[in-house]
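Down below is the structure, laid out as structure tokens.
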Amino acid sequence: MKITTNHLKRIIKEEIESIMNSGDEGEYISIKDINGKIIYKSETAKNIKEALEEAVSKKIDLEIAALLYVDLQVANLQGANLKGADLSDADLDAANLTGANLARAILYRAGLEEANLQGANLQGADLSRATLQGANLQGANLWRANLWGANLEGANLEGANLTDAVMSKKHQNTVDKYKDSIVGYETIEWN
């Protein structure tokens, strides 16, 4: 059986909707890891964004969380541990991810327009085709991050570590504005 993009999106949407659960413990919203294991349950949150913010405020480890296609616009995820999390196609526009650990996270096609990623650890993260227009990446660790096809127009890269990062040549002018403060500028792989 050939799986189409629409079929896959429907499966993912159904999985996201299944985070709204009810059972013997009453109704709750759960956050699952990429293996389907529940890593956090909220009985008070009204949506996944509120559940995630609640988990972050309680310093819950959200490593390898599955958060594909979720709407996290303007979410406060400051200091969150989302190491290895899958945030593909998530909408994180204007989200606060200051100091968040997103090492090896998958942010493929994620919306991060105007997001605050100051001091965030994005080491080895996949940000390919992500929208980072106007994002604050000041002091962010993007060592070996994949930024191929990402939109960096207007992004602040001052003091960012881009050692061995993969980037699209079309955004070289944006990166060049911060050339003197970027760590590892000379090692960037331009494609």
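What the table shows:
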read-out: Identity of the residue in region 164-191, within 23 Å of Ser88 (Cα to Cα) and part of a loop (DSSP other than H, G, I, E, B), that ends up modelled with the lowest pLDDT; value: Asn191
read-out: Breaking point among (1) within 14 Å of the chain's Cα centre (by Cα); (2) hydroxyl-bearing (Ser, Thr, Tyr); (3) at pLDDT below 95, for Thr98; value: (3)
read-out: Among (1) closer than 15 Å to Leu82 by Cα; (2) in contact with a Phe, Trp or Tyr (Cβ under 6 Å, 6 or more places away or on another chain), the one test that Leu157 misses; value: (1)
read-out: Residues located in region 36-63, provided they are among the aliphatic types (A, V, I, L, M) and closer than 20 Å to Leu92 by Cα; value: Ala45, Ile48, Ala51, Leu52, Ala55, Val56, Ile60, Leu62
read-out: Residues (hydrophobic (A, V, I, L, M, F, W, C), in a loop (DSSP other than H, G, I, E, B) and either in contact (Cβ under 8 Å) with a residue 40 or more places away in the chain or within 22 Å of Lys170 (Cα to Cα) (or both)) located in region 118-148; value: Leu122, Ala125, Leu127, Ala130, Leu132, Ala135, Leu137, Ala140, Leu142, Trp143, Ala145, Trp148
read-out: Qualifying residues in region 26-69 (those that are of a type in the set (S, T, N, Q) and under 19 Å from the mean Cα position of the chain (by Cα)) - the one surrounded by the most Cβ atoms within 10 Å (Cβ to Cβ); value: Ser30
read-out: Conditions (1) surrounded by fewer than 22 Cβ atoms within 10 Å (Cβ to Cβ); (2) within 19 Å of Trp190 (Cα to Cα); number of the one not met by Gly119; value: (2)
read-out: Residues being within 15 Å of Ala120 (Cβ to Cβ) and aliphatic (A, V, I, L, M) - total across region 153-191; value: 6
read-out: Val70 vs. criteria farther than 18 Å from Ala155 by Cβ, touching a residue at least 40 places away in the same chain (Cβ under 8 Å) and β-branched (Val, Ile, Thr); value: yes
read-out: Residue satisfying all of: in region 133-176; small (Gly, Ala, Ser) and surrounded by fewer than 22 Cβ atoms within 10 Å (Cβ to Cβ); nearest to Leu102 (Cα to Cα) among these; value: Gly139
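The values are calculated or read from the model by the stated rules, or taken from the named source; none is laboratory data. Bear in mind that the values here come from a model prediction, so they are computed numbers and not experimental data. For neighbour counting, all protein chains shown are included, and Cβ atoms are generated from backbone atoms with ideal geometry for every residue, glycine included.
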